[in-house]
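Taken together, the values in this text are just the output of simple stated rules run on the coordinates, not laboratory data. Small disclaimer: the values here were computed from a predicted structure and weren't measured. Don't worry about glycine lacking a Cβ; one is built from the backbone with ideal geometry, like all the others, and counts go over all protein chains shown.
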């Protein structure tokens, strides 16, 4: 071993001990014949002192150290005269007796500091240096502690972690698969799993009863911000359960994580919100409940007064921002620009201030009497000093989603989205299907294995769009951290579901025959859910992106710029796989 | 919840309780107006009783149940008159009050019993039914407990579990990669990692200090028995360590696993055997030390007497099988056939019995006097009743390996390889390189990142074949469960290593530039090892194959016969990936 202690270990009680430390040179300062080296490792920083008067040769060698050199020092722990209250080791320093350079370092391309001067691209190319920075490292430490606690909790509840294969079959339903040519089976391909969904259901058929896995999943999608081609799922499934059983057990897991990782004791049951309410009051299936500002619908109040925009609207609704009547014209124009951005797509925004005397002053005063505006004020329970923001549109859902963006933006602007405050809820009663404009057919909102609600099964033939599912999402601070459902365990119902989704019986058999066949041999009722680990870690870490809780993430083109992957193959490799490139000329 | 208790829970102390159970019908017996159903779930089997006199309709419904039907029953726990001491629940039964069929089942294609009538192929196709059998299930339970304990141990030692990417770059050195075409980067491919070797080394460069990961790895090799294209590794790496530190820590982990999983307390340090000794005395770098029968070399004793086979041999050596002088001529002929099988490749076998009077009777008596044979007896310290078996050949290593096979076979025949006895050791001081006949060059015996022994570094230029490495394997019962090494952390030494291995500087830079570059920025001394989880679980489970400790294994053609993967892709998928099939006509 190259050391007796780490750079985070030593305290005043160690004074007088001779120790050996090893680590990286964080910083070197010379002051009046003394050289101070901050020695860093994963566990902390310890100050090492070289005294020119005591050992000029040693001090001289220390003076030649560069940033990020790897060194080993032998010395004696001594109390510092000038203590550093910001460091756990700040009461002591090491009086160096010997120094050995274990490895030198070129000058790093950016500073290894909490606030680095390195840009994103450079940090990704030299990710191994970026990971030396304390904030990035602490994200990985957090991730480790979270997965340990997840496993501890699930193990205590009788779950077995069972590995499912990474080389499976391709199922083009859903997102695109990454595929893997099989050399031993020329012309055939494996796929990397988008999730172990069908395999965990087979484990339930096999009687495993309670399964989990923390597992890599893969989706070949065009990468929007905060998506990675490979991501990690906490995947769970249970047999002989109903929705409330699953919700209860995994709410327990969330509380366990909040307590052990964040030190937050959540005693109340999580709120359960039907999907329809989430859409109606928040315009989102993952509402951020850290703040109110719920939607108020205004069709009844504001229609019929000749304001053409509203007259033609299928939806008029707004939010009330407490105390924001002070917003200037410029701020309001910026908000209007915000909602008109193509990503959001509103046509415009109407606003109204509640003045000190209770009067309402709006941007559409020429159409509305004070009486009508007062009715509107009542609907919001708005008070003097409040700002009312209204959107309208000819598509109810689209307008709600626009209003959702506005609500979140106002939450940001008013400081209502504190990263250290957590609002957890379950969104339940999802619709079974949603209409796809692109495919011109019904698609499963969760996936085709979701159990329709018992009381809605009769509508499967008559009005499938109204069928709700035994599906649930766990939402924290507006982030969907996990979601799941009770699954179909009846092979006939499963076949019917594929039929509604537009599968021919042959296609259903070809793609999912193994599952429907398995259901014929005694499938138990079962259900489960899956969490996005990356997102949950980011949430706990207070990160805006999932990237910095992943050791070696890929960029938006799916490239690992450090490894320079993907890359061209040798012709020999292609030949062995019996495939050829077929590049489209541009 | 569909149940109040599981089928493994109930005891005599529960008598009188009304309970709800759910599970599978294992067996149904009718006896004198009573129907007995053995209800099974993951946790056990509970007997349920239906009484025709009490409720004929209910009993009638029970009589219609088939094997593997999924049912829910409500009833009262009662003491059994005829107790079953083989079942933890054998003191009680459930007097059924109600029965609900949750799902029916076709007749399974093989019996769901510990000793099934299902052949391998059928069991693999219906793996979800095979997994219902207690022996297969208990392997997965064991695997879960082992990974939990590995994580518990490593976490307690300050290791962080850090996920490394699955989509990396291809490195044709070593085994073949599975590759993944990148749609977003047409013409380029990711590779699936054969191991996270270079990535974990980068984590050491990044100062993570102690890393582990239980992770899937991939090798596209022609599948010999007991290989899987995807397998699971317990992958570990540490900084600022020397060989003894790594060995000490992971010997601790092995002892922790033996204690917590197998209930075996190993108090002695594991034996450390130099590779040269392992080859000399056991003909294997993974000797099975559950029994002795070490090799004795006989060149000095048996050469010079005109027996042509020995006169021309580069190696003559043998083993002494205690008490096996009773072997018949037929048994000895079978042993000769065994060593002459093409997989082993010996030309023949010489044997000698030590008779009751101490005389030696051999198959080559016409060449050797009793005096010489007595010398040989002394060399083996053989006693009356022992059997000496001798092989020779013109290639020392090949002959040793043949003798190794013979030794293991004799161990099997004499019952010396008890699956419940464990012999652990470290094999150390491996050669750095081995000569590849196929490639006609030196290859790294472990991998190109292995640190040569300090005292041998000077031989790198003059006599690389003699250079030993800081490499070590953990061997249990003749199985290499894990192996590792101290790594090179100096970019110049690493470059030299690639040169010796026949890389041009350009090729080395192209394939491993990211690592050699990283070494220029303060790489710490580091080392680690990796365990094959599948093998270790099999060893603890007493399995002959790794297959049955994997939930969904692939067959020898790399196929998942249950999922029917791999399979052909849609043309649309190939087009999107800009690749085409290029099948070789046969």
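Laid out as a table, the results:
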{"quantity": "Peptides ranked, highest mean first, by Cβ atoms within 10 Å: ranges B:297-308, A:247-258", "calculated": "A:247-258, B:297-308"}
{"quantity": "Fraction of beta bridges assigned by DSSP in chain A that are antiparallel (%, nearest 5)", "calculated": "90"}
{"quantity": "Nitroxide proxy distance, nm - points 7 Å out along Cα→Cβ at residue A:437 and residue A:555", "calculated": "3.2"}
{"quantity": "Between the range A:211-254 and the range A:321-360, the Cα center-to-center distance that results, in Å", "calculated": "39"}
{"quantity": "For A:42-50, mean number of other protein chain Cβ atoms within 10 Å", "calculated": "1"}
{"quantity": "Rounded to 5, the percent of DSSP beta bridges in the range A:12-103 classed as antiparallel", "calculated": "95"}
{"quantity": "Separation between Cα centres of the range B:91-138 and the range A:545-567, rounded to whole Å", "calculated": "45"}
{"quantity": "Other protein chain Cβ atoms within 10 Å, averaged over every residue that makes up B:564-576", "calculated": "6"}
{"quantity": "The range A:113-261: antiparallel DSSP beta bridges as a percent of all, rounded to 5", "calculated": "85"}
{"quantity": "Convex hull per residue volume in Å³, alpha carbons only, for chain B", "calculated": "240"}
{"quantity": "Shape call, the protein assembly as shown: gyration tensor on alpha carbons, a/c limit 1.5", "calculated": "oblate"}
{"quantity": "Partner chain coverage, peptide B:196-206 - average Cβ within 10 angstrom", "calculated": "4"}
{"quantity": "Anisotropy class of the range B:114-183 from Cα gyration tensor, a/c 1.5 cut", "calculated": "oblate"}
{"quantity": "Whole-angstrom gap from the range B:415-471 to the range A:146-183, using each part's C-alpha centre", "calculated": "36"}
{"quantity": "Stretchable slack from residue B:60 to residue B:334, in nm (0.36 nm times residue separation minus alpha-carbon distance)", "calculated": "92.7 nm"}
{"quantity": "Calculated label separations, residue B:383, copies of the chain, 7 Å along the beta-carbon direction, nm", "calculated": "9.9"}
{"quantity": "Neighbour-count order for B:76, A:164, A:267, fewest beta carbons within 10 angstrom listed first", "calculated": "A:267, B:76, A:164"}
{"quantity": "Fewest-first sequence of B:562, A:516 by Cβ atoms within 10 Å of each Cβ", "calculated": "A:516, B:562"}
{"quantity": "Rounded to 10°, Cα long-axis angle of helix A:329-340 versus longest principal axis of chain A", "calculated": "70"}
{"quantity": "Structure-based [θ]222 nm, the protein assembly as shown - -39500 (n - 2.57) summed over DSSP H runs of at least 4, per residue, nearest 500", "calculated": "-8500 deg cm²/dmol"}
{"quantity": "Rg/Rh ratio calculated on Cα atoms of the range B:291-413 (Kirkwood radius)", "calculated": "0.92"}
{"quantity": "7 Å along Cα→Cβ, label-point gaps from residue A:31 to other copies, nm, shortest first", "calculated": "8.9"}
{"quantity": "Chain A: angle of helix A:491-500 to the longest principal axis, Cα-based, in degrees nearest 10", "calculated": "80"}
{"quantity": "Across the identical copies, how the residue B:542 labels are spaced - nm, sorted shortest first, 7 Å along Cα→Cβ", "calculated": "5.5"}
{"quantity": "Helix A:134-156 vs. chain A, principal-axis angle (Cα, 0 to 90°, nearest 10)", "calculated": "60"}
{"quantity": "Gyration tensor (alpha-carbon) shape descriptor, the range A:12-103, a/c threshold 1.5", "calculated": "rounded"}
{"quantity": "Neighbour-count order for A:145, B:127, fewest beta carbons within 10 angstrom listed first", "calculated": "A:145, B:127"}
